[in-house]
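Report on the structure given below.
Nothing in this text is a laboratory measurement; each read-out follows from the coordinates by a stated rule. In this text, all values refer to a predicted model and were calculated from it rather than measured experimentally. Positions of Cβ are generated from backbone atoms using ideal geometry, with glycine treated the same way; all protein chains shown enter the neighbour counts.
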Amino acid sequence: MIMDRQEIIDELKKVLAPYTEDKELLDGINEQTNLITDLKINSANLVDIIIDAESKYNIEIDLDSAEKMINVGSCIDVIVEKMNLKM
Amino acid sequence: MNHRVVITGLGVVSPNGVGVRDFLHSIQNGVSGIKFIPEYERLNFNCQVTGMPPFEWNQLKNYISEVSFNGLKAIGIGYGIKAALDAWTDAGNNIISEEPHWETGCVFGNSVGDSEVIKNAIARIDAGEAKKIGSRVVEQFMNSGVTAYISGRLGLGNRVITNSAACATGTQAILMGYEYIKQGLAKRMLVGSTEHIDTYIFGTFDSMRILARKFNHLPEQASRPMSATACGFVPGSGSGALVLEQLDYALERNATIYAEIVGGASNSGGQRFGGTMTAPGSKGIIKCIAEAIGNSNISAKSIDLICGHLTATAADPLEIQNWGEALDRKDDNFPLINSLKSMIGHCLSAAGSIEAVAAVLQIVHQFVHPNINLEDPDPEILKMINTNKLPTTMVKKEINIVAKANFGFGDINTCIIFSKYNDNG
């Protein structure tokens, strides 16, 4: 399955939803949105987001890649990279 | 420095009522919360009944943030949050504050972290999938999880402690909170305890052959403290919470005062002279009750009601004998005595806090709740006290002083003296 970046953002919103209180802000995210400073996600929950993303996209995200997932854009970069690895 | 300590808030999650209003109705009317659990039959347990609160899990969305709720699986923590936050708002406090409440602390107890959560983590780790466990598991299997959830939600900034003393946990938590305020270390303490007996905890107690096994098809009759046909205790789950407050602080903010704690004591029999890991020793118990009465500056004669530990095991007659010796009262001179466990079973770490909420309600509403399943009092008990000291229907009566005690595995004893609040001391 090939997804474009906008499709991944839409899917990513569902992954992030359980971890942020501000649904309006979540609705309006773009590639620059920072998970911790903008979406106010507890940094401990980044671990859970990565586990959920692995299961949603059926990929494995190694620790080095996970450290890059700071804003929405870098999350998409990592997800696309790992999905491409599978193809 | 010796401050008076009053109770200004109550919260409860009990097998026979969630919330103070339902709980009060149940204890006044002798409503049992014990039910047969088909799963226990399948698991070959000897005892197949338990007291499980009719708890609607989704209501916790009104108590904690959505993010916090989404990852919460530990049921005992859920009970504790509900009871503690209900007590907090019952005392007239808001849940939101920017600054921590530096003057307010928390002592909340439990037996173990959530064993279902622990089991899932163990399965993941054994399968080589530790990295899939996520960030929300440790906070739910650490024993201080419940205290951390409560104090974090309310911003409690004084000492925050998780205690554990088996069946004495709840009364011990209340006593510790009382002592901190009395000594001037805190102005308010949110105290209580929680217990969720899942199949794993239940099974380990069942294996000790100390649970009631003869009433599996008559669950409401299974918990029979002080009865000749008592055959072991019935485990129960739930949570109780109280807001304790320095009297002056409560008066300053015009809080409703339910009752006063005038004294209490906690000790251990040292597992000597008949005390063991599982059995309480009389010497320690009598000393504990006498010390509580002594530091309360009340006379043993003034005790109107004993809310006993009384679990429905062979230890019940011995407990009556210990109270009799400690108070130097017997026969018709013995106070009224009841056991909430007849209705809800033995809630282990939560027993003391739920039973303390019941004790305070009996002072507030001036009644003595019935002992259900006590149509056949143990003849050994009737040699020490008169039958009319064992009410089987609600008694409306002036209740000024209540003695409440619990005794836990490890030979730990705790006794608290509650009094009707009297503004001239």
* To do: Can you bin the range B:5-252 into rounded, prolate or oblate? Criterion: square roots of the alpha carbon gyration tensor eigenvalues sorted a ≥ b ≥ c, rounded for a/c under 1.5, prolate for a/b above b/c, oblate for the rest.
  => oblate
* Structure fact -> Scattering profile of chain A from the Debye formula, Cα beads only, expressed as log10 I(q)/I(0) at q = 0.15, 0.16 Å⁻¹, is -0.48, -0.55
* **Peptide B:131-138 - average C-beta neighbours from other chains (10 Å radius)** => 5
* Ranked packing of B:14-23, B:382-391, A:26-35, most packed first, by mean Cβ within 10 Å -> B:14-23, B:382-391, A:26-35
* Scan around B:A165 for amide H atoms under 5 Å from its own, H built in the peptide plane at 1.01 Å from N, and keep only partners 5 or more places away or cross-chain. => none
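Using a/c under 1.5 as the rounded threshold, could you call chain B rounded, prolate or oblate? The axes a ≥ b ≥ c are square roots of the C-alpha gyration tensor eigenvalues, and prolate needs a/b larger than b/c, oblate otherwise. Could the numbers behind the result be given before it?
Numbers: a/c = 1.65, a/b = 1.11, b/c = 1.49.
Oblate, since a/c reaches 1.5 and b/c is not below a/b.
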* To do: Arrange the following residues from fewest to most other Cβ atoms within 10 Å of their Cβ: B:T171, B:T194, A:T20.
  => A:T20, B:T171, B:T194
* Using the Karplus equation 6.51 cos²θ - 1.76 cosθ + 1.60 (θ = phi - 60°), what ³J(HN,Hα) coupling, rounded to whole Hz, does each residue of the range B:181-188 give in order, writing x for Gly and Pro? -> 5, 4, 7, x, 7, 8, 8, 9
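Is the range B:136-202 best put as rounded, prolate or oblate by its Cα gyration tensor, with a ≥ b ≥ c the root eigenvalues, rounded for a/c under 1.5, and otherwise prolate when a/b is larger than b/c, oblate when not?
Values: a/c = 3.09, a/b = 1.45, b/c = 2.13.
Verdict is oblate for the range B:136-202.
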* Helical mean residue ellipticity (222 nm; -39500 (n - 2.57) per DSSP H run of 4+; nearest 500) of chain B -> -9500 deg cm²/dmol
* Short version: ³J(HN,Hα) in whole Hz for each residue of the range B:374-386, in order, from phi by Karplus 6.51 cos²θ - 1.76 cosθ + 1.60 (θ = phi - 60°), x for Gly and Pro, what are they? -> 10, 6, 10, x, 4, x, 4, 6, 5, 6, 9, 9, 6
* Spatial separation of Cα centroids for the range B:57-130 and the range A:44-87, in angstrom -> 29 Å
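Would you mind telling me the antiparallel percentage of the DSSP bridges in the range B:5-252, rounded to 5? Each step should come with its number before you reach the end.
Values: 21 of 35 bridges.
Close to 60 percent.
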* To do: Excluding B:K404 itself, calculate the net charge of residues whose Cβ lies under 15 Å from the Cβ of B:K404, where each Lys or Arg counts +1 and each Asp or Glu counts -1.
  => -3
